[in-house]
Structure formats: C-alpha cells, structure tokens
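The values are calculated or read from the model by the stated rules, or taken from the named source; none is laboratory data. Quick caveat: nothing in here was measured; it's all calculated off a predicted structure. As a convention, Cβ positions derive from the backbone with ideal geometry for all residues, glycine included, and neighbour counts pool all protein chains shown.
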Amino acid sequence: MGCLVNTTFSQGLKAGSSIAIGYFPVALTFGLLAKTTGLSMLEATAMSLLVYAGASQYMALSLLATGVAPWLIVVNTFIVNIRHFLMTASLSEKVEPAPKWMKAIYAFGVTDETFSVLATQKNRKVTTAFAFGVALIAYSSWVGFTAVGHLIGANLPQFLQNAMSVALYAMFIGLLVPSMKGNRKVVLLAAIGAAIHCTLYYSNLLSTGWSILVATLGSAIIVELIYVKSKKNVDHWSTQQEAKN
Amino acid sequence: MGASYWWMLLGMAIATYLPRMIPLTFLDGKELPPIVSGVLRNIPYAVLGALIFPAILHIQEDMFFGVIGVVVAFALAFIGLDVMFVVIGTIAALALYSLL
C-alpha cells in the first residue's frame, strides 16, 4: 500500500477518489441550501465552479441570507482562505518542476483535502500528472454534486447524512496515521497543531480562518526549532521507504 | 440575485485563487534557507492535526459521534488500511451507531 509509487494521472484520480466521496454529502447539502437561500441552479453551480472552497461558500450563503454587503463576503472569503498561502508554499517544495502556467492551473485545485493527499505522498516529488488527477476528480465531485443537490432539492436519509459528515475527517486521519508510525516528529507536529487549534477554538480568540493558520505555523515552527539541532528531517520515514523500494 | 451576485462571485474567486496560486507558482525552484524549507515540510502534518481537531468532535450535536469517528478512523488507519477503506469503514460504523 505505502509502497505504491503514485505518478500517473489515473493514479491521481484513484488517490483523489476518497476526496470525491467526502465531498459528495457536503456539496449535495450546499446545492440544497443554495436553493433554499434563493440562488438559481446556475448561480449555485457557478459558485462551486468558480470559487471552489467549501467553508467560504457555506459562509457566503449564510451572509447572503442575512443581507450582508457583497464586498464584506469577499473579504471574509479571503480571510478564510489565507491558510492556503501556507499550504501552497509547502507544496511548492514537494512538486516536480513544471512550467509556471501549468502550476497556475492545478493550483486552482488546491483545497485542504487535495493538499493533504498530495503532501502526504511517500514519493519524494509529486508529479504534475498525478496532481492534475487528484485535483480533477475532487473538483468534479464538488461541482457535480452541487448541481445535483440543487436539482433534486432533497437530502440523503438523516442517518446516512450524519454518518457521512465524518468522511473528510476520516480521510485526514487515514492520511496522517501512516506517516505517524515510527516518526515522532510527525506525531509531535500533529499533536501540537491540534492542541493550539483547540486552545484558540475554545477560547474564541480567533476566527477559524486565522486559527488554523496560527496553529499550523506555530506547530511547524516550534517542532522545527526542537529538531533543528538533531537535523532530523520530517521526510526521514519516506526516504527510508523509498530506499526499500 | 442580480449583477451584484456575479461581481461577488468574481471577487470570491479571486480571493480564493490568489492564495492558492502565488506561492505554488512563484516559489518554484527557489532555494530557501534550510530552516524555512524545514518549516514548510512540517506544514502538512501540523495542518492535518489542526484540521482534524477540534472539528471532528463537533460534526454532530452528540459529541460521542465524533469520538467514535476518531477512534474508528485511527484504528482502521493504524492496522494499515488504505485511506478509502478508512473513510468507508468509519462512515459504516457511524451509520450503524445512528441507527442503533
């Protein structure tokens, strides 16, 4: 499993399929809510097509419903998505060299979920074809199921909807745990990231957009300072794996 | 919704795209100081911790729901199942829990 070397477009589609499953209930519900907020099918689908950011889209719906000024919704969108600066900066260290325009295209497909899948690949470098595969299947699911949600205007059975709300988090755990095994640095990074975020969340110090950013950067810096003397790399585990292959 | 909706969409699209595009496209091939590059390589694991907690505990009113999700997903991932089966297995466990 961990030994598969993911490089091709179709391997990207396959690796991204758990994201597609996770997006299914979230996008379906978004389509439904958009309809009840008074958006047309075209308007709802266009938001998923052009913006492609779950949290911001849900936020936009609730702000639209309460009559908040459009420019304020745009500002909020930026704040919610500012963490992607960190993710794509991190990803730039991990992807293979490619023409700028090509990177500018698949950068559009970087979400919390696609980032997690790409960044936790065991290969030293992520190929452009693989990145396109992951991005495309996730994006298709998001846009497609937004339209379906608006069209059928009905929810999944309640018990299934409840159960599926765990999908994306289960995926994050499924991506994290293999890297944690035998790598104390990864365990520490995740634990401190979680601890800082919980502290900020329960103390209401920052909005979610900022608190994820602060928790991530805080943990990444603290742990790097702890390890800077021992010169242990976070990729230690993956380089061992590659050596075995 | 009128024209203002479409202007808002355009603004949202730009506000979302720029943070995704600028670092990935323009940090390309730049030799960063080792400490910066080390911090950047730490980001995926730090962000996963922050994305999972505390959000997973609050996916439903019943916090036990999220707790079961955490335990089942960790267990399935720990025994080495592929991500897809971790996702499906956890959904199945919680579907069972909400039917009981």
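Step by step: first the residues of region A:28-44, then only those that are under 20 Å from B:Leu10 (Cα atoms) and within 20 Å of the chain's Cα centre (by Cα), then the one that is surrounded by the fewest Cβ atoms within 10 Å (Cβ to Cβ). Which residue is that? Result: A:Phe30. Checking each residue in region A:79-100 for being under 13 Å from A:Ala119 (Cβ atoms) and free of Cβ contacts under 8 Å to residues at least 60 places away in the same chain picks out A:His84, A:Met87, A:Thr88, A:Ala89, A:Ser90, A:Leu91, A:Ser92, A:Glu93, A:Lys94, A:Val95. From the residues in region B:54-71 that are facing another protein chain (nearest Cβ under 8 Å) and in a helix (DSSP H, G or I), which one is surrounded by the most Cβ atoms within 10 Å (Cβ to Cβ)? Across region B:54-71, the extreme among qualifying residues is B:Gly69.
Do the conditions hold for A:Ala194, that is, is it closer than 30 Å to B:Ile68 by Cα, modelled with pLDDT of 95 or more, part of a helix (DSSP H, G or I) and within 17 Å of the chain's Cα centre (by Cα)? Walk me through how you get there before you give the answer.
Working: closer than 30 Å to B:Ile68 by Cα: yes; modelled with pLDDT of 95 or more: yes; part of a helix (DSSP H, G or I): yes; within 17 Å of the chain's Cα centre (by Cα): yes.
It is true that A:Ala194 is closer than 30 Å to B:Ile68 by Cα, modelled with pLDDT of 95 or more, part of a helix (DSSP H, G or I) and within 17 Å of the chain's Cα centre (by Cα).
Assessment of region A:162-178 against the conditions (outside any helix (DSSP H, G or I), over 17 Å from the mean Cα position of the chain (by Cα) and buried (at least 16 other Cβ atoms within 10 Å of the Cβ)) yields no matching residue.
Here's the yes/no breakdown for (1) in a loop (DSSP other than H, G, I, E, B); (2) more than 7 Å from chain B (Cβ to nearest Cβ); (3) at positive phi:
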| position | (1), (2), (3) |
| --- | --- |
| A:Gly12 | no, yes, no |
| A:Ile19 | no, yes, no |
| A:Ala27 | no, yes, no |
| A:Thr36 | no, yes, no |
| A:Glu43 | no, no, no |
| A:Val68 | yes, yes, no |
| A:Phe108 | no, no, no |
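Residue-level check: of (1) more than 15 Å from the chain's Cα centre (by Cα); (2) at the interface with chain A (Cβ under 7 Å from one of its Cβ atoms), B:Ile88 misses just (2). Run A:Met164 past the list (1) under 26 Å from A:Ser219 (Cα atoms); (2) among the aliphatic types (A, V, I, L, M); (3) in contact (Cβ under 8 Å) with a residue 40 or more places away in the chain and report the number of the one that doesn't hold. With (1) under 26 Å from A:Ser219 (Cα atoms); (2) among the aliphatic types (A, V, I, L, M); (3) in contact (Cβ under 8 Å) with a residue 40 or more places away in the chain applied to A:Met164, the lone miss is (1). Filtering A:Val134, A:Val74, A:Val117 for residues that are in contact with a Ser or Thr (Cβ under 7 Å, 6 or more places away or on another chain), buried (at least 20 other Cβ atoms within 10 Å of the Cβ) and part of a helix (DSSP H, G or I) leaves a single hit, A:Val134.
Scanning region A:79-106 for residues that are within 16 Å of the chain's Cα centre (by Cα), within 7 Å of chain B (Cβ to nearest Cβ) and not hydroxyl-bearing (Ser, Thr, Tyr) yields A:Asn81, A:Ile82, A:His84, A:Phe85, A:Leu86, A:Met87, A:Ala89, A:Leu91. Checking the conditions here, which among A:Ser48, A:Ser62 is more than 8 Å from chain B (Cβ to nearest Cβ), under 22 Å from the mean Cα position of the chain (by Cα) and at pLDDT below 90? Exactly one of A:Ser48, A:Ser62 is more than 8 Å from chain B (Cβ to nearest Cβ), under 22 Å from the mean Cα position of the chain (by Cα) and at pLDDT below 90, namely A:Ser62.
Against the definition (in contact with a helix residue (DSSP H, G or I) (Cβ under 7 Å, 6 or more places away or on another chain), surrounded by fewer than 21 Cβ atoms within 10 Å (Cβ to Cβ) and more than 9 Å from chain B (Cβ to nearest Cβ)), how does A:Lys122 come out, yes or no?
Answer is yes for this residue.
Restricting attention to region A:179-191 and to residues that are surrounded by fewer than 19 Cβ atoms within 10 Å (Cβ to Cβ) and not in a helix (DSSP H, G or I), the residue that is farthest from the other protein chains (Cβ to nearest Cβ) turns out to be A:Gly182.
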